[in-house]
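K.L.:
The structure is given below, and queries will be raised subsequently.
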């Protein structure tokens, strides 16, 4: 009987010991998880020159693009050029059958000769006092009228030969040789592609920023083609429209690009890149920020001394509030900062024991650190001047000496005490993969 009792007692002791070890292990793992989650990576803002690039969808136009139309009626006699051909100023592109216009010109030449004879005869009669001076003036007017008709006939004949008004490229031909065309019919289009005009729309904020910085002369204008390649020549802003579009709130800009190789053609599309350098910009990674109600924030971490002071002030406020509830006044209280810190520490440990959090793996890519530090994190609103792919340029809210939480932003709360590792700011900027949390 006693042997059986002893065996049962031994088994109970073993079970109790095993349960104690399991409980201790779970608590130890929970404490390690909690410690790992509050061990974050901190860095600082960087002051550097940053190139800001803005993109705008654009339409590409020739600096001169005209419709070539027939100025007279008739049959299209000859087309000495081909579609897509380059022509020079004064080169013949189309010829309309000139037979009728040549005949009309000859008739008008005869009328001029007749009027000239009548005028000369009238002048001789005036010298003999046979006719009066008004008759001479009438003969002279007839001569001038005949000469005007001759000039008109000559112009109509010239219009049958259509020549290039400037150097350019011929587009598609709308009529073929032998077609009967009327005055005003479009024959083709001619494009001068020596300089290309690139039009794009800019919002009002961008327009104001351009006007504020245009005197600096540091704006670079580039063109990205539809296949993603950059055009080899830089452009410049050539014109800005007079008015904003009331429906879109945008204003049209024109950038001029030289096109010596003829790569650009009228009607192409692309993307205009406007780049300028911001000197001594204060830069932070986007992943170090978070957003609340459309406002940007970052956690700024103080040193251990500031963290202790903040904790003491927080605990003192709590004790004062409790004493007030008990009917005591703050003036009658005798606060012991050491006791307050111990009490806060015990309360913090109790919270750890009752908090269930998911495990978190500390970042492995930050292998080169400057050592572990302690401090308190406080959220601070920041003002963004410009946004790039992975970084923000800060206009207000941070200084270069501030320390901000980089890794673990989501697991930090305002006022938390942190054990953190400081990462060199330059190294932090070399491995940017994520945006703001």
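Any read-out appearing in this document is the output of simple, stated calculations on the displayed coordinates, not a laboratory observation. Here the structure is a predicted model, which means the values were calculated and not measured. When we count neighbours, we look across all protein chains shown, and the Cβ atoms used for this are built from the backbone with ideal geometry, even at glycine.
K.L.:
Out of all the residues in region 192-222, which are within 17 Å of residue 51 (Cβ to Cβ) and in a strand (DSSP E or B)?
P.N.:
Selection gives 220, 221, 222.
K.L.:
While we're on this one: Could you run through region 400-426 and say how many residues are surrounded by fewer than 16 Cβ atoms within 10 Å (Cβ to Cβ), touching a strand residue (DSSP E or B) at 6+ places or on another chain (Cβ under 8 Å) and under 17 Å from residue 45 (Cβ atoms)?
P.N.:
Total meeting the criteria: 3.
K.L.:
Could you check, for region 49-66, whether at least one of its residues is outside any strand (DSSP E or B), in contact with a strand residue (DSSP E or B) (Cβ under 8 Å, 6 or more places away or on another chain) and crowded, with 19+ Cβ neighbours inside 10 Å?
P.N.:
Taking every residue of region 49-66 in turn, none turns out to be outside any strand (DSSP E or B), in contact with a strand residue (DSSP E or B) (Cβ under 8 Å, 6 or more places away or on another chain) and crowded, with 19+ Cβ neighbours inside 10 Å.
K.L.:
OK, next. Read through the list (1) part of a strand (DSSP E or B); (2) surrounded by fewer than 19 Cβ atoms within 10 Å (Cβ to Cβ), then give the number of the only condition that residue 129 fails.
P.N.:
Status for residue 129: all satisfied but (1).
K.L.:
Would you confirm whether any residue within region 260-267 is assigned to a strand (DSSP E or B) and in contact (Cβ under 8 Å) with a residue 12 or more places away in the chain?
P.N.:
No, there is no match, as no residue in region 260-267 is assigned to a strand (DSSP E or B) and in contact (Cβ under 8 Å) with a residue 12 or more places away in the chain.
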